[in-house]
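Visitor: Got a structure for you, written out below as structure tokens; questions coming shortly.
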Amino acid sequence: MQRILGIGLKAPYYIPYPYSLIPYFLIFALVKKHKVIGLMSGTSLDGLDIACCEFTLRGSGWHYRILAAETIAYDKQTRKRLSGLDKAGALELTQSHAWFGHFSGAETRKFIRRHKLNPRLVVSHGHTVFHQPRQGFTLQIGNGAALAAEAGLPVVCDLRSLDVALGGQGAPLVPIGDRLLFSGYDACLNLGGFANISYEQRGRRIAFDICPVNLVLNFLSAKRGRPFDRDGALAAKGSVDLDLLRKLEALPFYSQRPPKSLGKEWVDQAIMPLLDRSSSSIEDQLRTFSEHIALRIAAAIDSRFGRPARVLATGGGVYNGLLIALAREKCKAALVIPDRLTIEFKEALIFAFLGLLRWRGEINTLRSVTGARCDSTGGAIYLPGK
């Protein structure tokens, strides 16, 4: 191992690579402007988000630009494969880990060529199959070695595992990006497969998962032959089932104090049985669950601010007009909806930023958010072949 001190890295930084590869690290330590690609595959299974982001370090802090971004939509076969991995055997899971790494790397390479980009680093969140921090494990597939081999660039991946090993939730991870890139807002709300929020409280960043969103809404919409409920049109045809709503609101998770996070397993165990036992129509279930989401958002925001707050709202859920109308009706905060690129690619942007911090040897995971024993610099690094 070689030890490199200084060059802007925090603490002694050990790099188990030969001297010929050290320039990779020197570039990111000394240069103030970085082009990084972020990859995100969410639990709602819409597709692979790819964003090439430029980060600039100035005296006032970090600044960003999204240079190009796309969502590579998953076909029916890919969605089926990814959605069933939590029930797969060891061989199929291992094969899928390699396959998704190659898939992500190949799509990244094509994206770079299409947009004539010259990024220095790829950062992949991977696709979550298991997330059970209380049991001491989390798994996001997408083999980093396969990704680096396909993309031909250094890769940072597996960003959650270290925090879980340190006793944390391993989620949410985006709050340090919210703090350093979106400090102009009182809070940041993401409406994706799950809703999560982050904000400053007495000098500490607090964040937690609020409730499921698109993971459940898309599941219900599929029963009507639609991949999602466009603008909440199906839900708008339904009525609130007060008995189902009461049962949803009474779930113990909602009374727990942060740090806390959710995974698909919790939805399967806590939410799906309530929907299965309900005699309401799909439209009524969609309307009821939309009401539930809005109530949970209001509870997460209004109880924490003594004045009306400005909350940045991003993620695919902001395109659900009914859901946003319900949230604004119940919440005292002003929900600010930004430009399309920020709405759709904020998570990919922030994961790119987390990988950049990892590469620079700087903290990218906050114990105040996850409940771990300490702050940490999470992520595995893979370098491409010569």
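The values are calculated or read from the model by the stated rules, or taken from the named source; none is laboratory data. Since the structure is predicted, the reported quantities are computational estimates derived from the model, not experimental observations. Using ideal geometry, Cβ is built from the backbone for each residue, glycine included, and neighbour counts are taken over all protein chains shown.
Visitor: Does residue 311 satisfy the condition of being hydrophobic (A, V, I, L, M, F, W, C), in contact with a Cys (Cβ under 8 Å, 6 or more places away or on another chain), outside the structural domain of residue 52 (by TED's automatic domain parsing) and surrounded by fewer than 24 Cβ atoms within 10 Å (Cβ to Cβ)? Full working, then the answer.
Guide: On the way: hydrophobic (A, V, I, L, M, F, W, C): yes; in contact with a Cys (Cβ under 8 Å, 6 or more places away or on another chain): yes; outside the structural domain of residue 52 (by TED's automatic domain parsing): yes; surrounded by fewer than 24 Cβ atoms within 10 Å (Cβ to Cβ): yes.
Considered against the rule, which asks whether it is hydrophobic (A, V, I, L, M, F, W, C), in contact with a Cys (Cβ under 8 Å, 6 or more places away or on another chain), outside the structural domain of residue 52 (by TED's automatic domain parsing) and surrounded by fewer than 24 Cβ atoms within 10 Å (Cβ to Cβ), residue 311 comes out as yes.
Residue by residue, here is whether (1) modelled with pLDDT under 95; (2) outside the structural domain of residue 263 (by TED's automatic domain parsing); (3) among the charged types (D, E, K, R); (4) not in a strand (DSSP E or B) holds:
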| site | (1), (2), (3), (4) |
| --- | --- |
| 92 | no, yes, yes, yes |
| 102 | no, yes, no, yes |
| 106 | no, yes, no, yes |
| 112 | no, yes, no, yes |
| 140 | no, yes, no, no |
| 148 | no, yes, no, yes |
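Visitor: Which one of 230, 277 is more than 21 Å from residue 317 (Cα to Cα) and out of contact with any Gly (no Cβ under 8 Å at 6 or more places or on another chain)? Give the steps one after another, and end with the answer.
Guide: Details: 230 fails: more than 21 Å from residue 317 (Cα to Cα).
Answer to the check: 277.
Visitor: Is it true that residue 291 is in contact with a strand residue (DSSP E or B) (Cβ under 7 Å, 6 or more places away or on another chain), closer than 19 Å to residue 193 by Cα, of a type in the set (Asp, Glu) and in contact (Cβ under 8 Å) with a residue 40 or more places away in the chain? Spell out how you get there, then give the answer.
Guide: Values: in contact with a strand residue (DSSP E or B) (Cβ under 7 Å, 6 or more places away or on another chain): no; closer than 19 Å to residue 193 by Cα: yes; of a type in the set (Asp, Glu): yes; in contact (Cβ under 8 Å) with a residue 40 or more places away in the chain: yes.
No.
Visitor: Does residue 124 fit the bill of being part of a helix (DSSP H, G or I), in contact with an Asp or Glu (Cβ under 9 Å, 6 or more places away or on another chain) and closer than 19 Å to residue 346 by Cα?
Guide: Numbers: part of a helix (DSSP H, G or I): no; in contact with an Asp or Glu (Cβ under 9 Å, 6 or more places away or on another chain): yes; closer than 19 Å to residue 346 by Cα: yes.
Answer is no for this residue.
Visitor: Among the residues of region 305-337, count how many are over 30 Å from residue 284 (Cα atoms) and not small (Gly, Ala, Ser).
Guide: Residues of region 305-337 over 30 Å from residue 284 (Cα atoms): 305-310.
With not small (Gly, Ala, Ser) added as a condition, the list becomes 305, 307-308, 310.
Number of matching residues: 4.
Visitor: Further question: Right, residue 325: of a type outside the set (Val, Ile, Thr), assigned to a helix (DSSP H, G or I) and in the same structural domain as residue 239 (by TED's automatic domain parsing) or not? Working first, answer last.
Guide: Working: of a type outside the set (Val, Ile, Thr): yes; assigned to a helix (DSSP H, G or I): yes; in the same structural domain as residue 239 (by TED's automatic domain parsing): yes.
So residue 325 passes the test.
Visitor: So residue 363 passes all but one of these: (1) part of a loop (DSSP other than H, G, I, E, B); (2) buried (at least 23 other Cβ atoms within 10 Å of the Cβ); (3) in contact with a Lys or Arg (Cβ under 8 Å, 6 or more places away or on another chain). Which condition number does it fail?
Guide: Status for residue 363: all satisfied but (2).
Visitor: Just for region 218-258: of the residues that are basic (Lys, Arg) and part of a loop (DSSP other than H, G, I, E, B), which one is farthest from residue 169 (Cα to Cα)? Break it down stepwise before answering.
Guide: Kept after step one, since they are basic (Lys, Arg), are these residues of region 218-258: 223-224, 226, 230, 237, 246-247, 257.
If we keep only those that are part of a loop (DSSP other than H, G, I, E, B) too, we end up with 223-224, 226, 237, 257.
Details: 223: 32, 224: 35, 226: 33, 237: 38, 257: 13 Å.
Here the residue is 237.
Visitor: What number goes with the only condition from (1) closer than 30 Å to residue 307 by Cβ; (2) modelled with pLDDT of 95 or more that residue 207 does not pass?
Guide: It is condition (2) that residue 207 fails.
Visitor: Can you tell me which of (1) of a type in the set (Asp, Glu); (2) crowded, with 19+ Cβ neighbours inside 10 Å; (3) free of Cβ contacts under 8 Å to residues at least 24 places away in the same chain is the one residue 339 doesn't meet?
Guide: Going through (1) of a type in the set (Asp, Glu); (2) crowded, with 19+ Cβ neighbours inside 10 Å; (3) free of Cβ contacts under 8 Å to residues at least 24 places away in the same chain one by one, residue 339 breaks only (2).
Visitor: If the Cβ limit is 6 Å and pairs must be 6+ apart or interchain, which residue in region 362-377 that is within 16 Å of residue 260 (Cα to Cα) pairs with which residue that is in a loop (DSSP other than H, G, I, E, B) and of a type in the set (A, V, I, L, M, F, W, C)?
Guide: So the pair list comes out as 367/374; 372/166; 373/166.
Visitor: Looking at 300, 233, which one is closer than 18 Å to residue 212 by Cβ and either outside the structural domain of residue 372 (by TED's automatic domain parsing) or free of Cβ contacts under 8 Å to residues at least 60 places away in the same chain (or both)?
Guide: Details: 233 fails: closer than 18 Å to residue 212 by Cβ.
One residue alone meets the criteria, 300.
Visitor: Residues in region 170-192: is at least one assigned to a strand (DSSP E or B), at pLDDT 95 or above, out of contact with any Ser or Thr (no Cβ under 7 Å at 6 or more places or on another chain) and more than 21 Å from residue 367 (Cα to Cα)?
Guide: Yes, some residue in region 170-192 is assigned to a strand (DSSP E or B), at pLDDT 95 or above, out of contact with any Ser or Thr (no Cβ under 7 Å at 6 or more places or on another chain) and more than 21 Å from residue 367 (Cα to Cα).
Visitor: Return the residues of region 48-85 that are touching a residue at least 24 places away in the same chain (Cβ under 8 Å) and acidic (Asp, Glu); say none if nothing qualifies.
Guide: 49, 70
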